[in-house]
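Peer 1: Shown below is the structure under consideration.
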Amino acid sequence: MKIPMLEVCLDTSVWMKLWLPEEGSDLAHDLLATLAERDCTLIAPPTLAYEVASVLRVQVHRHILGADAAAAVWSAFRRYPLQVEAAPDLPDRAWVLASRLRLPTAYDAAFLCAAGSRPFVTADRALQEACRGDPEVSVLDLAAARTALFGNG
């Protein structure tokens with residue numbers, strides 16, 4: 001019997017920690033390494049690439065990251081194999097979920113909808129708080145994700 005492969009959706013806040021040195025970068029590296037070792041599938045909404053590109057462009061615009069460094073990060077990101085969840089009704093579901101959770105944007109809701117019942121990992125504390133108590137939405141904090149997904153092993 002074949003063991004089903006784990007599918008995980010990572011928020012932009014997790015992806016960016018791979019390349020921008022900030023609190024939790026070590027956790028993001030550890031989680032991505034473990035997901036790769038275990039041949040997990042990475043799920044994303046179509047908006048992920050635009051969000052990553054936008055963060056990088058802002059970093060360049062503010063002279064925090066050089067253009068060559070940003071291009072290298074973009075290239076590294078684009079090499080990750082992602083399963084993009086682009087169901088035609090995703091924007092409508094994101095709209096409804098964003099309204100229900102009182103989220104200021106539909107971007108976060110698109111990630112939650114793309115994840116569906118699969119694990120969704122974020123470092124965004126405001127998003128975690130918005131989802132708290134909603135029986136249909138579950139998020140994993142980046143700090144606890146590796147243990148929650150794989151135990152202590």
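Peer 1: Note down the magnitude of the dipole of the stretch 57-120 about its Cα centre, charges +1 on Lys and Arg C-beta and -1 on Asp and Glu C-beta and zero elsewhere, to the nearest 20 debye.
Peer 2: Details: 8 positive and 5 negative charges, 29 e Å.
So the magnitude is around 140 debye.
Peer 1: Okay, next question. Considering only Leu149, Trp74, Thr122, whose Cα is most displaced toward the positive end of the charge dipole of the chain, charges sitting on Cβ of Lys, Arg (+1) and Asp, Glu (-1)?
Peer 2: The listed residue farthest towards the positive side: Trp74.
Peer 1: I'd like the FRET efficiency for Thr41 and His61, computed as 1/(1 + (r/R0)^6) with the beta carbon distance as r and R0 of 30 Å, rounded to 0.05.
Peer 2: Calculated transfer efficiency: 0.35.
Peer 1: Find out how many positive minus negative residues lie around Leu140, taking Lys and Arg as positive, Asp and Glu as negative, among other residues whose Cβ is under 12 Å from that of Leu140.
Peer 2: -1
Peer 1: So what is the relative contact order of the stretch 7-148, in percent, for Cα pairs below 8 Å that sit 6 or more residues apart?
Peer 2: So the answer I get is 32 percent.
Peer 1: Rounded to the nearest 500 deg cm²/dmol, what is the calculated helix-only ellipticity per residue at 222 nm for the chain, with -39500 (n - 2.57) per DSSP H run of length n ≥ 4?
Peer 2: After summing the helix terms and dividing by the residues of the chain, the value is -16000 deg cm²/dmol.
Peer 1: Please grab the % of Cα pairs in the chain that end up more than 20 Å from each other.
Peer 2: Looking at the chain, the distances longer than 20 Å represent 50 percent of pairs.
Peer 1: Here is a follow-up. Mind ranking 31-38, 19-26 by how tightly packed they are, going by the mean number of other C-beta atoms within 10 angstrom, highest first? Could you put the intermediate results ahead of the total?
Peer 2: Working: 31-38: 15.6, 19-26: 13.4.
Per-residue mean Cβ counts within 10 Å order the peptides as 31-38, 19-26.
Peer 1: What does a probe at Ala143 reach in the stretch 22-50, counting residues whose amide N is under 15 Å from the point 7 Å along Cα→Cβ?
Peer 2: Once the point is set 7 Å along Cα→Cβ of Ala143, 23-28 turn out to lie under 15 Å by backbone N, inside the stretch 22-50.
Peer 1: Counting only other residues whose beta carbon sits under 12 Å from that of Glu51, what net charge do I get with K and R as +1, D and E as -1?
Peer 2: On the way: positive: Arg57; negative: Asp11, Asp108, Asp124.
Residues near Glu51 contribute -2 overall.
Peer 1: Among Ser138, Thr34, Pro88, whose Cα projects farthest towards the positive end of the dipole of the stretch 7-148, with charges put on the beta-carbon of Lys, Arg (+1) and Asp, Glu (-1)?
Peer 2: Pro88
Throughout, read-outs are computed from the coordinates displayed, never taken from laboratory work. Since we're looking at a predicted model, the values are computed, not measured. Positions of Cβ are backbone-derived with ideal geometry, glycine not excepted, and every protein chain shown enters the neighbour counts.
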